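Heads up, the thing below is written out as structure tokens.
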Amino acid sequence: MTAPVALAIDVGGTSFKAALIDAGGRRLFADTRPTLGAMGEAAFARLDAFVGACLAAGGALGLTPDAIGLIAPGMDEGTGHVLFAANLGWRDFPLGPRLGERYALPVASGHDVRTAGLAEGLLGAARGYPDSVMVMIGTGIAAAVVSHGQVVAGARHMAGELGHAPVFPHGEPCPCGQIGCLETYASASAIARRYRTLGGAGGPMAAEIAARLGSDAIAARVWDDAVQALSISLTTVTMLLDPAVIVIGGGLAEADALLLDPLRLALSRRLAWRPTPPILRSALGAEGALLGAAILAFRRLGLGEFVQGWGSPPQP
């Protein structure tokens, strides 16, 4: 009997990523492909071609996956349907069932952020903490709640939409239709947008704005607004869920101490009467999503015990 292998697929709004990962957590093959703005059926066709190419490349290496671990934004883990993914033009799209039928493989479906949170809890910064919250901050913001070692999906499989929890009652409008949402102030795209709107020079990304903090008053204002908005949200998260640790992931986590140090201070000031949970940077980074997808696939095969031996991200 050959050693089991999983095909992990991470469907993102701007790119598709995939990896063949074995039962030891080793990445045996990996590839990525941009979506090129494809929407609806065109997006599925592009993903389908990518999956087929990955399977062919794996076959050339003598690797045949036993299951697919599939993660995407807006995924309903129970049905494998993408409830809504604006950047891909999908609404109630049967992504998991269609790929499973197309390739005659069992498919384990997961929400992208919740699955990354699962991996972080098993293998990353939240390892050893059965109760944790992971907040992914990139183009948008979402959270994964892990309680007693189990990822919380919620009644409608929509748990973790922290980015659309309002923080400023009289704040800026959010594209979701609400006012003052966290994502409107603290996502990487919002930081860049607000910097330009307030008169900042050039068109820098959030990372460049972070680099200007010591010399640019507008950058400092926008960054502080983001930190304060995050601290308000994390205060509510802490009071409601009492996590043992909070992990920050996504692109904005690359700012490291420039973000985490003021965020720790702001949260501690808002939690005056109770201990502040540690705020840690994601240990898995961009690998977390694919690792999580592989974990789902091995669990689908009834081989979840293999995952317990994975001590670190798989090596190229």
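Read-outs: derived from the displayed coordinates by stated rules, not from any lab. Note that the coordinates shown come from a computational prediction; the quantities given were computed from them, not determined experimentally. Neighbour counts run over all protein chains shown; Cβ positions are idealised from the backbone, glycine included.
The ranking of 254, 305, 287 by Cβ neighbour count inside 10 Å, starting from the fewest, reads 305, 254, 287. What net charge do the residues around residue 201 carry, taking every other residue with its C-beta under 15 Å from that of residue 201, with Lys and Arg at +1 and Asp and Glu at -1? Neighbour charge sum, excluding residue 201 itself: +3. Along the axis of the charge dipole computed for region 130-281 (Cβ charges of +1 for Lys and Arg, -1 for Asp and Glu, origin at the Cα centre), the listed residues 195, 273, 143 are led at the positive end by 273. Under the rule a/c < 1.5 gives rounded, and otherwise a/b versus b/c splits prolate from oblate, where does region 90-232 land using the Cα gyration tensor? Prolate shape, in that a/c is at least 1.5 and a/b is the bigger ratio.
What fraction of the DSSP beta bridges in region 130-281 is antiparallel, stated in percent and rounded to the nearest 5? That works out to approximately 55 percent antiparallel.
As a rough footprinting exposure proxy, the listed residues 185, 103 were ranked by other beta carbons within 10 Å of their own, and the order from fewest upward is 103, 185. For the chain, set up a Gaussian network in which alpha carbons nearer than 10 Å are linked by springs, and say which option among 86, 206, 108 fluctuates the most. Among 86, 206, 108, the largest mean-square fluctuation in the Gaussian network model of the chain belongs to 86. Over region 1-74, all Cα pairs binned in 10 Å intervals from 0 give whole-percent P(r) values of 20, 52, 23, 5, 0, listed from short to long.
Within the listed set 268, 282, 109, the Gaussian network model of the chain (springs between alpha-carbon atoms below 10 Å) gives the highest mean-square fluctuation for 268. Under the criterion of Cα pairs below 8 Å and six or more residues apart, the relative contact order for region 36-113 equals 33 percent.
Counting Lys and Arg as +1 and Asp and Glu as -1 over every other residue whose Cβ lies under 15 Å from the Cβ of residue 93, the net charge comes to -3. Only helices enter the 222 nm calculation for the chain: every DSSP H run of n ≥ 4 contributes -39,500 (n - 2.57), and dividing by all residues gives -11500 deg cm²/dmol, rounded to 500.
Only beta bridges with both residues in the chain are counted; by DSSP, about 60 percent of them are antiparallel. For region 175-212 and region 238-316, write down the distance between their C-alpha centroids in whole Å. The distance from the Cα centre of region 175-212 to that of region 238-316 comes to 24 Å. Classification of region 1-137 by its C-alpha gyration tensor yields an oblate form. The axis ratio a/c (a ≥ b ≥ c) is 1.5 or more, and b/c is at least a/b.
Helix 257-270 and the longest principal axis of the C-alpha atoms of the chain enclose an angle of approximately 60°. What shape does region 175-316 have by the C-alpha gyration tensor, where a ≥ b ≥ c are the square roots of the eigenvalues, rounded means a/c under 1.5, and otherwise prolate means a/b greater than b/c and oblate the rest? Here region 175-316 falls in the prolate category.
Region 1-73 and region 100-127 have Cα centres separated by 13 Å.
When the Gaussian network model of the chain links Cα atoms closer than 10 Å, the mean-square fluctuations of 114, 269, 127 top out at 269. Here the chain is assigned +1 on the Cβ of each Lys and Arg and -1 on the Cβ of each Asp and Glu. Its dipole about the Cα centre then comes out at about 220 debye.
For the chain, the longest principal axis of the alpha carbon atoms and the long axis of helix 217-241 meet at an angle near 70°.
Applying Stokes-Einstein at 20 °C and 1.002 mPa s to the Kirkwood radius of the chain, computed over alpha-carbon pairs, gives a translational diffusion coefficient of 107 µm² s⁻¹.
Taking the longest Cα principal axis of the chain as reference, the axis of helix 112-123 is set at about 80 degrees.
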